[in-house]
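The values are calculated or read from the model by the stated rules, or taken from the named source; none is laboratory data. From a predicted model like this one, the values you see are computed outputs, not experimental measurements. Ideal geometry is used to build each Cβ from the backbone, glycine not excepted, and the neighbour counts take in all protein chains shown. Only protein heavy atoms, including side chains, enter the accessible area calculation; ligands, DNA and RNA are left aside. Shrake-Rupley method; radii C 1.70, N 1.55, O 1.52, S 1.80 Å.
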Amino acid sequence: MTIDTKCVQGGWQPKRGEPRQPPIVASTTFRYETTQQMADLFDLKAAGYFYTRLQNPTNDHVAGKICALEGGVAAMLTSSGQAASTYCILNLCQAGDHVVSSAQIYGGTYNLFNVSLKKLGIEFTFVDPDADEETLASAFRPNTKCVFGETVANPSGAVLDIEKFARLAHAHGVPLIVDNTFPTPVLCRPIEFGADIVMHSTTKYMDGHAAQVGGAIVDSGNFDWEKYPERFAGLVSPDPSYHGLSYTKTFGKAAFIVKATAQLMRDYGSIPSPFNAFILNLGLESLHLRIRRHAENALAAAKWLRSRPEVAWVNYAGLEDSPYYGLCRKQFEGALPSGVLTFGIKGGREKSIKFMDSLKMIEIVTHVADARSCVLHPASHTHRQLTDEQLAAAGIPPDLIRFSCGLESAEDIIADLEQAFAAIS
Ligand SMILES: *Cc1c(COP(=O)(O)O)cnc(C)c1O
């Protein structure tokens, strides 16, 4: 099946007389006939639903569709993108472990790593993703457990060279985790370039209508945990909280997702509501149509903005003279990374803010990748907590406007930009 057909047909496969849409299973519990049947579920000896904090059928159908879209072997939904990032790291790391992360990542992920997970004793080294392989290799330590990066960084727009990062990670015997939120699997499938684990904030294009907050984790099944039994003891060695079961021995290629479900979901409980999973699935059914239109509108807006004398700079990797254009051609369908671009107005921070305040149709919201066009000023909003130095490292100048192109006509989007320029002139 093509990616387009998977968006429409993937996941829930009804049998005769069953509903065409995945049913919203609004039930915390599931019924069994004997004590033993339930005991086997608790021991992971049998597959089945018993409590929605661990697994729910609606969520699993939608995870199945995302798994098919990314080309993975197993997947799970989480209640937010933040929960997905947290689980990816905690499934591999504990106090005393180390992660190499691109510095060009979403502000929330940066805080999660640099503040909250650091408090748990996990250390992070943030690297410039555009650095050469030798420089990047020097960030690894004997206790490094994984590498993390964003296919297209939010908001800087930097494009990750997935093959380069996969090569580095694998040379050091650790997996590459990629946040593929911005391109979605329609425009890029990181597993095809060597990523081992892919995660998403489904809140963005996958939902696409600003209707639910959610996350997803997909495992490629390609990383051989048993090759490094000491480094990944949590996946390979017996788990005392499941009577000495080994995830890799019992579940093979599904080990990573089963462990994240059985341990992290059990203990931390970031399960999405089945209703939210249902809404997410409605978004996924048209993802292939929407993301291409988002990206085309972004390209049109980027070209138009660049022609304006008031604009200091425009950054959209899909522009042919972008330093990332070569990577775009290699990694993204149509060489377009997403529907998000950034730009700055001559006159700096103040003028950029004035421009944003003059927009009419394009709204100021803390969101991105929505059907409706919207803008955000990271230095005053999402990245408020960062110092100017950290802002620079994350690739965010103070005049940067993040512009998420919606599904309106390019004509109307450009008309709104035009009237805002007139208003600030
Ligand atoms: C929004 C976002 C997140 C966090 O997702 P939430 O669903 O808001 O928790 C993570 N990564 C990227 C790239 C994002 O854009």
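Taken one residue at a time, the phi angles of region 20-31 give Karplus couplings (6.51, -1.76, 1.60, θ = phi - 60°) of 5, 8, x, x, 7, 7, 8, 9, 6, 10, 9, 8 Hz. Gly and Pro are set to x. Taking one quarter of the surface of the C-alpha convex hull of region 308-381 gives a mean projected area of 5.9 nm². Relative to the current alpha-carbon distance between Lys227 and Ser241, full extension at 0.36 nm per residue lengthens the span by 2.7 nm.
When Rg is the radius of gyration of the Cα atoms in region 156-213 and Rh is its Kirkwood radius, what does Rg/Rh come to? Provide the component values of the computation, followed by the final result.
On the way: Rg = 12.7 Å, Rh = 12.2 Å.
Taking Rh as the inverse mean 1/r over Cα pairs, Rg/Rh reads 1.04.
With the cut-off at under 17 Å, measuring from each backbone N in region 405-425 to a point 7 Å along the Cα-to-Cβ line of Lys346 picks out 418, 420-425. Loop-located trypsin sites (Lys or Arg not before Pro) across region 116-221 with a Cβ neighbour count of 13 or fewer within 10 Å are lacking, with loop assigned by DSSP. Accessible-area rank, largest first, for Met76, Met1, Met361: Met1, Met361, Met76, with all protein chains present and a 1.4 angstrom probe. On the basis of the beta-carbon distance and an R0 of 51 Å, Ser116 and Thr5 show a calculated FRET efficiency of 0.80.
Applying both filters, DSSP loop and at most 12 other Cβ atoms within 10 Å, to the chymotrypsin sites (Phe, Trp or Tyr not before Pro) of region 305-405 eliminates every site. Extension gain, Asp321 to Ala211: 0.36 nm times the residue separation minus the Cα-Cα distance gives 36.0 nm.
Kirkwood analysis of the Cα pair distances in region 122-185 returns a hydrodynamic radius of 12.2 Å. Our estimate of slack between Arg167 and Gln94, defined as 0.36 nm per intervening residue step minus the Cα-Cα distance, is 23.9 nm.
Using alpha carbons only, the radius of gyration of region 338-393 set against its Kirkwood radius gives Rg/Rh = 0.96. Using the rule -39500 (n - 2.57) for each DSSP H run of four or more residues, divided by the residues of the chain, the 222 nm mean residue ellipticity is -9500 deg cm²/dmol.
Within the chain, the longest run free of exposed loop sites, counting GluC sites (Glu not before Pro) that sit outside DSSP helix and strand states (H, G, I, E, B) and have at most 13 other Cβ atoms within 10 Å, spans 34-229. Any idea what diffusion coefficient region 1-121 gets from Stokes-Einstein, in µm²/s, Kirkwood Rh on alpha carbon pairs, 20 °C, 1.002 mPa s? After rounding, the answer is 123 µm²/s. Eigenvalues of the alpha-carbon gyration tensor of region 76-228, scaled by 5 and square-rooted, set the equivalent ellipsoid semi-axes at 22, 17, 15 angstrom, largest first. Pick from Ala169, Ala26, Ala410 the residue whose mean-square fluctuation is largest in a GNM of the chain, springs joining Cα atoms under 10 Å. Top of the fluctuation ranking is Ala26. Size descriptors for the chain (Cα atoms only): Rg and Dmax, in that order, 21.8, 75 Å. Relative to the longest principal axis of the Cα atoms of the chain, the long axis of helix 287-306 lies at roughly 30 degrees. Between the helical axis of 410-424 and the longest alpha-carbon principal axis of the chain there is an angle of about 50 degrees. Take the chain with all the other protein chains still there, run a 1.4 Å probe, and you get 41 Å² of accessible area per residue.
Quick one: angle between helix 81-90 and the longest Cα principal axis of the chain, in degrees between 0 and 90, rounded to 10, please. Relative to the chain, helix 81-90 is tipped by roughly 50 degrees. Note on region 154-220 and region 1-69: Cα centroid distance 24 Å, given to the nearest whole angstrom.
Share of carbon and sulfur in the accessible area of the chain stands at 53%, probe radius 1.4 Å.
For the chain, a crude dipole built from +1 on the beta carbon of Lys and Arg and -1 on the beta carbon of Asp and Glu, taken about the Cα centre, is about 700 debye to the nearest 20. For region 276-425, list log₁₀ I(q)/I(0) at each q in 0.09, 0.13, 0.16, 0.17 Å⁻¹, using the Debye formula over Cα point scatterers of equal strength and ignoring solvent, two decimals each. For region 276-425, the Cα-only Debye profile gives -0.28, -0.60, -0.90, -1.01. Among Gly48, Gly157, Gly395, the largest mean-square fluctuation in a Gaussian network model of the chain, built with springs joining Cα atoms closer than 10 Å, belongs to Gly48. In summary, the convex hull built on the alpha carbon positions of region 233-345 has an orientation-averaged projected area of 11.4 nm².
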